[in-house]
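Some notes on the structure that comes next.
The values are calculated or read from the model by the stated rules, or taken from the named source; none is laboratory data. Treat the numbers as computed from the prediction; the structure is a model and nothing was measured. A quick note on method: Cβ atoms are made from the backbone with ideal geometry, for glycine too, and the neighbour counts reach across all protein chains shown. These area figures cover heavy atoms from the full protein model, side chains too; ligands, DNA and RNA do not enter into them. Shrake-Rupley method; radii C 1.70, N 1.55, O 1.52, S 1.80 Å.
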Amino acid sequence: MVIAIDGPGGVGKSTVSRRVAALMSLPHLDTGATYRAATLRALEAGVPLDDEDAVVEALRDATIEIVGGRVLLDGRDVTAAIRAPEVTAAVSTVSAHPRVRERIVALQRRWVADHGGSAVVEGRDIGTVVFPDADVKVFLDARPEVRAARRAGDAEAAGRPPEEIVGELVARDRADSTREVSPLQPAPDAVIVDTSDLGIDAVVDRIMQLVARAQDRARS
Ligand code: DC
């Protein structure tokens with residue numbers, strides 16, 4: 001079973017996805033981490049980020065692996081490094097390149113196949129592009145100010161001014177939603193859950209109901 005959980009930044013995707021994965025005893029894939037690792041590689045190579053050919057070339061020999069929740073770039077643990085503000089600021093530019101997405105989407109599909117074909121996969125385009133046949137598709141949303149407040153509580157935001165985090169979030173939303181390839185948008189068959197006024201438990205419960213319904217459908 002593939003459970004696709006999409007939505008914008010700061011909506012609580014990671015927390016909720018990890019909880020659902022634990023309840024279902026399924027592996028969890030944070031696809032944002034794969035784009036962040038690609039971005040770190042491009043930054044380290046020093047290539048102009050808006051030059052698709054140069055970014056693709058920088059990624060050519062790169063290996064990106066997700067192992068036991070750690071992110072490895074060429075065998076090096078970059079789990080913390082990919083959360084740096086420089087990576088966050090650059091990731092929308094890098095992930096907008098179609099040939100970067102092609103490469104990273106292939107990696108994501110292979111990861112799920114290598115883990116037995118069942119997983120909770122979180123991202124922006126999982127239900128629309130990466131796994132259009134996912135058994136459960138959820139699109140989490142929340143008002144921008146709520147998302148900014150949630151982001152402010154994340155480790156990556158520690159010690160940074162709240163207005164900087166809000167500005168970053170809004171800019172990244174705009175870039176992710178307006179890019180030509182695989183923009184952030186709900187799949188037509190996704191269930192949209194507005195989490196603005198819901199706690200984590202309520203969101204997880206809602207998703208578990210959808211999972212139970214999908215399991216019933218599969219049985220009948
Ligand atoms: O979830 P995150 O903030 O770590 O994601 C980082 C960026 O990666 C996000 O701004 C857009 C991009 N992304 C994407 O384009 N498609 C995905 N499936 C996941 C993330």
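Some values worked out for this structure:
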| read-out | value |
| --- | --- |
| Scan of region 3-54 for residues that are of a type in the set (V, I, T) and within 10 Å of the chain's Cα centre (by Cα), ordered by number | I5, T31, T34 |
| Top-ranked residue of region 205-220 - restricted to ones that are free of Cβ contacts under 8 Å to residues at least 12 places away in the same chain and not hydroxyl-bearing (S, T, Y), ranked as surrounded by the fewest Cβ atoms within 10 Å (Cβ to Cβ) | R219 |
| Selected residue (only one of E86, E44, E57, E122 is more than 29 Å from P186 (Cβ to Cβ) and in contact (Cβ under 8 Å) with a residue 40 or more places away in the chain) | E86 |
| Residue match in region 177-189 (condition: acidic (D, E) and buried (at least 17 other Cβ atoms within 10 Å of the Cβ)) | no |
| Test: G69 is within 12 Å of the ligand (Cβ to nearest atom) and among the small types (G, A, S) | no |
| Subset tally (residues that are near the ligand (Cβ under 10 Å from one of its atoms) and open to solvent by 10 Å² or more (accessible area, probe 1.4 Å)) for region 106-135 | 3 |
| Subset of region 86-102 [more than 17 Å from E180 (Cβ to Cβ) and open to solvent by 80 Å² or more (accessible area, probe 1.4 Å)] | E86 |
| Extreme residue, nearest to the ligand (Cβ to nearest atom), among residues of region 152-174 that are open to solvent by less than 40 Å² (accessible area, probe 1.4 Å) and touching a residue at least 60 places away in the same chain (Cβ under 8 Å) | R172 |
| Candidates V193, V138 - the one that is buried (at least 18 other Cβ atoms within 10 Å of the Cβ), more than 15 Å from the ligand (Cβ to nearest atom) and either within 15 Å of the chain's Cα centre (by Cα) or not charged (D, E, K, R) (or both) | V193 |
| In region 15-44, residue surrounded by the most Cβ atoms within 10 Å (Cβ to Cβ) [restricted to those that are among the basic types (K, R) and more than 8 Å from the ligand (Cβ to nearest atom)] | R41 |
| Hits in region 96-119 (condition: closer than 20 Å to Q185 by Cβ and outside any helix (DSSP H, G or I)) | A96, H97 |
| Residue tally, condition modelled with pLDDT of 95 or more and under 27 Å from S177 (Cα atoms), over region 74-85 | 5 |
| Boolean, R174 is part of a helix (DSSP H, G or I), of a type in the set (D, E, K, R), within 28 Å of A106 (Cα to Cα) and modelled with pLDDT of 80 or more | yes |
| Where P183 falls short, out of the listed (1) at pLDDT 85 or above; (2) outside any helix (DSSP H, G or I) | (1) |
| Filter result for A89 (farther than 18 Å from D30 by Cβ, part of a helix (DSSP H, G or I) and away from the ligand (no atom under 14 Å from the Cβ)) | no |
| Members of region 6-52 found to be part of a loop (DSSP other than H, G, I, E, B) and among the aliphatic types (A, V, I, L, M), listed by number | V11, L26, V47, L49 |
